[in-house]
Every structure is written in C-alpha cells, then in structure tokens.
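Participant: Quick one: this structure, given as structure tokens, is what I'll be asking you about.
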Amino acid sequence: MKKLNTLLIFIIIALAKFSFSQPLTERYQHLGEIFIPQFTSAPFPHPNRINGHIYDGNTYSAQEHYSDSSVAIFIPKGFKTTEKIDFVFYFHGWNNNIDSACAQSNLIGQFSESNKNAIFVFPEGPKNSPDSFGGKLEEKDGLKNLIDDVLKYLIVNAKFNSTKVGNIILAGHSGAYRVISFCLMRGAYTENISDVILFDALYGQTEKYVHWIENFDGRFINIYTDDGGTKEVTESLMDDLSGWEIPFYKTEETQLAIDELKNNRLIFIHTDLNHNEVIAKRNQFRNYLMTSKFCLIRH
C-alpha cells in the first residue's frame, strides 16, 4: 500500500509538471481560444521601472521583470458577441506571472465554469517580482487604452464586430490591490466596473475603494485571511463603513451561502485558508464570477 501511495504521488506530481510545461495557448484549448499578444498599452515596460526595482536588498532588473508586455486574452467556448462586450480582468500578485498564476489557481478553468459570456483578460504585471506597481495602468485612461487595444485585436483576429464596452469585473490577488485601485480611479471606465474582487489583497489604497463604493453601484467582495497582512486594513474599513452607516455583509467563509453573494453588494469574507488558497481552494473565483448579476450568462 505504501508503495502504491508513493507511486500515485509521483504520478500526480508528474502530471502537474506536464500540465505546467504546456504552452499557455495549448493548455486551455479544450475550454476556448486564447491569444497572448503584446500591447504598448500593457503595464510594462514603464519609465518608472527602467532601472528595475530594489526590494529587501535585492535588485529586480527591468529586462527580466519589467519588459514583458504580454496580455492573455481568453474567449470561452460558446461565447456570443453582443452589442456590448463584457470583460473579466485579473491581476496577479507578487513573485508571479500570467502562466504561473493561471496554473496555480486554475483561473481560466474557473472562469470557464462560471459560464459568463465575457472575455477574460490577464495583463502581465511585475513579472516574478515583489512589487505592486501597476505600470501604465496607474496612468490616466490606462484601463481604457488597454481595453481599446484588446477590442482592436479581437476585431482583426477573432472577427468581433463590436467596439462597445459593457460590464467590467476587476479581480486580483495580494499585491494586485494597487493596480485595481488605480483602474477604479483613473481608468476612464469606472461606470462600467460592475464588480471588484480582492483575494486577500486589501493592503492599502483604501480611499480609492471607498470613493468607488460611495459613488458607484458595483459589488465589492473582499476575502481575507488572518496571516496574509490584510486583516487589520479590512477590519478598519468595516469599522468606517459602520460609522458611515453604509450596510455591508460579513461572514466566515465556512458559513457562506451562495445566495449571499447574489443578494449583497459589499461582502467581507473571513477565511480559515492561507494567503495562496483563497482563489481556488473552494472554487472562489468561479463562485464570485457566477453570482455577478451584471455579466451575461452563456447559453
């Protein structure tokens, strides 16, 4: 039995390595079509990282960590073009990249299972670097410029015939809090943003999130851990909302009912999971997407 268990573990590890070794464009062919173009509107390269980034005494060079202008675009099977195109944007956290984040958290699989009639867009951030800087997406109209390029690309390469933007969901893990906050503040599509989803990511920029909460009607989901560094800021925000008499829903993840995701606008979820488990351990990304009342469902 012990030998059998050892063999099974070896097989599982080997399969995982094989899956990760597949090019991203091939790994998800059974779920839809994926493109990975390079855009000048992508977060990087950026003048503020021309000399790289220094953190904790280590230098992260511009060439290795801030030169990749890749933007992954995934069109799920069954997607139907409509007058307006809905988007789900995802941003990775520290020491990560598009490929590793997709593999570790089954992002495209969860997105596909949510059955949303939307386009999944994943721009490369600070690549394998401990950095939250959002590059060009922190600039005025940064999100708009990126979406414009995505739509132009889809018209040419996927025969789309619409350039109108519908609803936008912004989601991200850990250090992604910063780029999302600037997309809310300066991205030029703030009125279109229907959902903001933070996976153990509320480290700061709280004023930008509060401004959006107070002035727009979108749904805000914040799942947080005890040890990820977000608990204090999250609890402070909930205290402020209480003081301002702005209603919100708070729950333990183990007690969360799926209908509560549908029926509440401001949702704070405390979890017993660790920092890197909050996206996929319980199919959180899928569940949060599928309960959005904004993006259309594929039929």
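The values are calculated or read from the model by the stated rules, or taken from the named source; none is laboratory data. Please read all numbers here as calculations on a predicted model, not as lab measurements. Virtual Cβ from ideal backbone geometry, glycine too; neighbours counted across all protein chains shown. With ligands, DNA and RNA removed, areas are computed over all heavy atoms of the protein, side chains included. Shrake-Rupley method; radii C 1.70, N 1.55, O 1.52, S 1.80 Å.
Participant: Using only the heavy atoms of the protein chains and a 1.4 Å probe, how would 260, 138 rank by accessible area, largest first?
Facilitator: 260, 138
Participant: Roughly what % antiparallel, to the nearest 5, for the DSSP beta bridges in the chain?
Facilitator: So the antiparallel bridges in the chain amount to around 30 percent.
Participant: Looking at the square roots a ≥ b ≥ c of the eigenvalues of the Cα gyration tensor of the chain, which shape do they give, rounded for a/c under 1.5, prolate if a/b is larger than b/c, or oblate? Before the final figure, lay out the partial values.
Facilitator: Working: a/c = 1.17, a/b = 1.06, b/c = 1.10.
Here the chain falls in the rounded category.
Participant: Once the piece of chain linking residue 152 and residue 263 is laid out straight, how much longer is it, given 0.36 nm per residue of separation minus the C-alpha distance between them?
Facilitator: 36.4 nm
Participant: Related question: Name the most mobile residue of 236, 67, 100, meaning the one with the largest mean-square fluctuation, in a Gaussian network model of the chain with Cα contacts below 10 Å.
Facilitator: Top of the fluctuation ranking is 236.
Participant: Any idea of residue 272's accessible area? Nearest 10 Å², probe 1.4 Å.
Facilitator: 100 Å²
Participant: Answer rounded, prolate or oblate for region 12-116, using the Cα gyration tensor with square roots of eigenvalues a ≥ b ≥ c: rounded when a/c is under 1.5, else prolate when a/b is larger than b/c, else oblate.
Facilitator: Because a/c hits 1.5 or more and a/b fails to exceed b/c, region 12-116 counts as oblate.
Participant: Can you give the FRET efficiency to the nearest 0.05 for residue 274 and residue 185, using r as the Cβ-Cβ distance and R₀ = 30 Å?
Facilitator: The value I calculate is 0.50.
Participant: So for 83, 277, what's the accessible-area order with a 1.4 Å probe, most first?
Facilitator: On the way: 83 125, 277 55 Å².
Ranking 83, 277 by accessible area, largest first, yields 83, 277.
Participant: Simple spin-label model, 7 Å along Cα-to-Cβ: residue 51 to residue 95 in nm?
Facilitator: Reported label-point gap for residue 51 and residue 95 is 2.6 nm.
Participant: Now, a different point. Sort 74, 248 by accessible area with a 1.4 Å probe, largest first.
Facilitator: 248, 74
Participant: Still on this model: Take the residue pairs 144/293; 116/281; 84/127 and return only those whose Cα atoms are more than 28 Å apart.
Facilitator: Checking Cα-Cα distances, 84/127 exceed 28 Å.
Participant: A further question follows. Just to be sure I understand: of the beta bridges DSSP finds with both ends in region 46-144, what percent are antiparallel, rounded to 5?
Facilitator: Numbers: 7 of 12 bridges.
Bridges in region 46-144 that DSSP calls antiparallel: roughly 60 percent.
Participant: With the crude spin-label approximation of a point 7 Å out along Cα→Cβ, what separation in nm comes out for residue 161 versus residue 31?
Facilitator: So the label points at residue 161 and residue 31 sit 2.9 nm apart.
Participant: So what does residue 185 come to for accessible area, using a 1.4 Å probe and Å² rounded to 10?
Facilitator: Roughly 100 Å² of residue 185 is accessible to a 1.4 Å probe.
Participant: A further question follows. Using 1/(1 + (r/R0)^6) with R0 = 41 angstrom and r between the beta carbons of residue 62 and residue 287, what's the FRET efficiency to the nearest 0.05?
Facilitator: After rounding, the FRET efficiency stands at 0.60.
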